[in-house]
Amino acid sequence: MSDQVKSKGDVDIKVGDTVETPYRGGTHTFQVDKIITDESEAREEGAKGAVKPPVVVGVDQNEKKVSHKPGTVTDVSKE
């Protein structure tokens with residue numbers, strides 16, 4: 001698998017980027033803390049709803065740990 005993880009807008013996502021995704025009538029906006037590309041690491045991390053890598057993990061504006069598939073997020077740092 002490639003180390004390059006791409007956003008919904010086909011932009012490379014890196015640790016430290018700010019991303020957002022629509023979620024339950026609002027948005028999750030968060031800074032990427034970790035990009036998981038290994039299935040066992042995803043299970044250890046407890047990446048709820050996204051145990052099949054790749055997964056983008058961070059803490060949202062409500063201080064909750066969130067994880068999303070990279071294809072569902074928009075990189076607001078670059079797009």
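The values are calculated or read from the model by the stated rules, or taken from the named source; none is laboratory data. Predicted model, so just to flag it, every value in this text is computed and none were measured. Positions of Cβ are generated from backbone atoms using ideal geometry, with glycine treated the same way; all protein chains shown enter the neighbour counts.
Miscellaneous remarks
- Residue under evaluation residue 67, criteria (1) of a type outside the set (D, E, K, R); (2) outside any helix (DSSP H, G or I); (3) modelled with pLDDT of 90 or more, criterion not met: (3)
- Among the numbered conditions (1) part of a loop (DSSP other than H, G, I, E, B); (2) within 10 Å of the chain's Cα centre (by Cα); (3) touching a residue at least 24 places away in the same chain (Cβ under 8 Å), the only one that residue 15 does not meet is (3).
- In the range 18-63, the residues that are among the small types (Gly, Ala, Ser) and either assigned to a helix (DSSP H, G or I) or in contact with a Leu (Cβ under 6 Å, 6 or more places away or on another chain) (or both): 40, 42
- Positions within the range 43-67 being touching a residue at least 24 places away in the same chain (Cβ under 8 Å) and either more than 18 Å from residue 16 (Cβ to Cβ) or in contact with a His (Cβ under 7 Å, 6 or more places away or on another chain) (or both), in sequence order: 53, 56, 60, 66
- Members of the range 21-79 found to be more than 12 Å from residue 5 (Cβ to Cβ), among the hydrophobic types (A, V, I, L, M, F, W, C) and within 9 Å of the chain's Cα centre (by Cα), listed by number: 30, 66
- In the range 70-79, the residues that are part of a loop (DSSP other than H, G, I, E, B) and modelled with pLDDT of 85 or more: 73, 76
- Here is the figure for the range 10-26: residues that are surrounded by 14 or more Cβ atoms within 10 Å (Cβ to Cβ) and out of contact with any Pro (no Cβ under 9 Å at 6 or more places or on another chain) total 5.
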